[in-house]
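What follows is one structure encoded as structure tokens, with my remarks underneath.
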Amino acid sequence: MTVSNGGAKRRLPSLAQLRAFAAVAEHLHFRDAAAAIGMSQPALSGAVAALEETLGVTLLERTTRKVLLSPAGERLAVRTKAVLAEMGALLAEADAVRAPFTGVLRLGVIPTVAPYLLPTVLRLVHDRYPDLDLQVHEEQTASLVDGLNTGRLDLLLLAVPLGVPGVVELPLFDEDFVLVTPLDHHLGGRTGIGREALKELNLLLLDEGHCLRDQALDICREAGREDAPVTTTAAGLSTLVQLVAGGLGVTLLPRTAVKVETTRSNQLMTGYFSDPAPTRRIALAMRTNAARSAEYQELATSLREALRPLPVRVLEGEAG
């Protein structure tokens, strides 16, 4: 191998040459050095001579009785040891990369999923994949998809379908929406609520940019509501639910959020829709040709099992 140095091409030492010289520098004996690295003595001697020729310096002073390092050899032996140590670290890192579920995994999660599913995700990773360095980023859908496409993120946990070219969705589960109302609301605590009831309700929504807002608006349109029922909005589900508790209206919550959000106030009731209830689908999403796609699919399989205790309908593991 050659390298350009100021326009002039120069040969580089080989690793075999460096290993041979490092062994001689350590043992100061050709036979012992050759035995230490599993090389024949003539091959070892030839490798050191080739290194001297490549570098253009004399590394060893040879006598009939012993081998000594030249002044140049003394200096370059330290560098050689460092180069070989770095090469060992490189190979060790490559082994670690090849090993599944090691290294960093940058997971992006939408805000309407993170508080309710992350405890399960983190527990799964801690118990089953202890060598995985999971880094979590909570962002809205558009930012997450951009991060996935640019390589800033490795995997997403969010509501689908996305309909984004180059992104593969690994469906995890479907979950119903429930109606959250003030304590004295006529639909509070009811079951079998028809979707058409949404046409007359003062529905509170999240701010623009949240996919849950768009899903709620879609549900309203499916129920026959033409206008956008927006008088008050909130940045997060916790605030939204507190607005309901204060009597400003009603809202839709995914089932996974109900236990966390509604237990913070005694001024709330929940109502359940008749079948088929409005739903959302949650999935992992990865780049189409992700190098770790097999790991991500295995993680999706493990996650489906871990999520079964939640009030969701776990899906079969097919990429979408």
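The values are calculated or read from the model by the stated rules, or taken from the named source; none is laboratory data. Computed from a prediction, not measured in an experiment: that's the story for all the values here. Ideal geometry is used to build each Cβ from the backbone, glycine not excepted, and the neighbour counts take in all protein chains shown. Protein only, heavy atoms only, side chains kept; ligands, DNA and RNA dropped before computing areas. Shrake-Rupley method; radii C 1.70, N 1.55, O 1.52, S 1.80 Å.
Tabulated data for the structure shown
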read-out	value
Elements of type strands (runs of 3 or more DSSP E) in the range 6-80, at least 1 residues being modelled with pLDDT of 90 or more	60-62, 67-69
Count of residues meeting criterion [at pLDDT below 95 and buried (at least 16 other Cβ atoms within 10 Å of the Cβ)] in the range 102-115	9
Condition check for Leu203: open to solvent by less than 70 Å² (accessible area, probe 1.4 Å) and modelled with pLDDT under 85	yes
Filtered residues of the range 84-99 (kept if touching a residue at least 40 places away in the same chain (Cβ under 8 Å) and either among the charged types (D, E, K, R) or loosely packed, with under 14 Cβ neighbours inside 10 Å (or both))	Met87
Subset of the range 262-295 [open to solvent by 50 Å² or more (accessible area, probe 1.4 Å) and β-branched (Val, Ile, Thr)]	Thr263, Thr279, Thr288
Residue selected from the range 161-184 under the condition open to solvent by 10 Å² or more (accessible area, probe 1.4 Å) and among the β-branched types (Val, Ile, Thr), by the criterion nearest to Leu148 (Cα to Cα)	Val167
Residues (at pLDDT 75 or above and open to solvent by less than 10 Å² (accessible area, probe 1.4 Å)) located in the range 221-236	Ala234
Considering residues of the range 137-160 that are open to solvent by 50 Å² or more (accessible area, probe 1.4 Å) and more than 19 Å from Pro254 (Cβ to Cβ) only, the residue modelled with the lowest pLDDT	Thr150
